[in-house]
1. Out of region 117-214, which trypsin sites (Lys or Arg not before Pro) are coil in DSSP terms and have no more than 11 other C-beta atoms within 10 Å?
2. Considering only DSSP states other than H, G, I, E and B, which GluC sites (Glu not before Pro) in region 92-164 qualify as loop sites with at most 12 other Cβ atoms within 10 Å?
3. Relative to the Cα centre, what is the charge dipole magnitude of region 144-231, using +1 at the beta carbon of each Lys and Arg, -1 at the beta carbon of each Asp and Glu, and rounding to the nearest 20 debye?
4. Based only on Cα atoms, what mean projected area does the convex hull of region 144-231 have, in nm²?
Amino acid sequence: RTRRPPPSSLRMSYGYAVPTGVVMQPQQVMMAPQQPGYFVQPTYAVPVGYAMPAATDPAWEQFKACDMDHNGTVSPKELQNMLAATGLVLSMQTCAQLVKLHNKRSNPNDSTPDALNYDEFKEMQTFLNNVRGSFEHFDRSKNGALDAGECTQALQHAGFGNVEQTAVATAMKAFDPDQSFSLSLDQYIAFSLFFFGARKAFDAFDRSDATQVGRITIDFNQFVYAMSMTR
């Protein structure tokens, strides 16, 4: 029996919700890496303005394990190390995009490096788990990869509307270095982040247009800004 995605009312705005029928297995949840010495942290300072999470909160333990320099935030490099320890190997650029997408405190005029506080870290975990769930749901052939049609369905389910398969197939080429015409999980995560960045940049310009007809006109400087949102 074909599993149907949940109705649009259950989707986040341009965000992944776990499709109906997909049960998140324990290995799908990012667990704290089990490496010797990874938990030798007798004390941990809670960032200013945050209450100490419950001792039973697994996300807090994962956050502490990931924050190796104990500064109250998780950097792209720290995130990359933790994910690699759980078996999910992502490039530094992809990890930086994950942090950038979920860092709600960032300021374009601020030179402070992007990093995640505890609440942002939890949102990032939810995003990754939901992307994984969507990937597994739309992998109809169960071969561990999504083709252009499956990627299109997954993006539509994530709230991107009537995105065209030809546009998806063209965008896939940038994330498919071996030209297999399909994306593995790590490639699909990077691919999804590209679309989220593109949507965010497009919406920023669309809101400035009184007509808001889903078309924008931008100059070169604005185009450079829009492209930077996807990197």
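Bear in mind these aren't lab numbers, they're just calculated from the coordinates by the rules spelled out. Here the structure is a predicted model, which is why all the values come from computation and not from measurement. Glycine also receives a Cβ, built like all others from the backbone with ideal geometry; neighbour counts cover every protein chain displayed.
1. Of the trypsin sites (Lys or Arg not before Pro), the ones in loops of region 117-214 whose Cβ has at most 11 other Cβ atoms within 10 Å are 142.
2. Filter output for region 92-164: 164.
3. Values: 6 positive and 10 negative charges, 53 e Å.
In debye, rounded to 20, region 144-231 gives about 260.
4. The Cα convex hull of region 144-231, projected and averaged over all directions, gives 6.1 nm².
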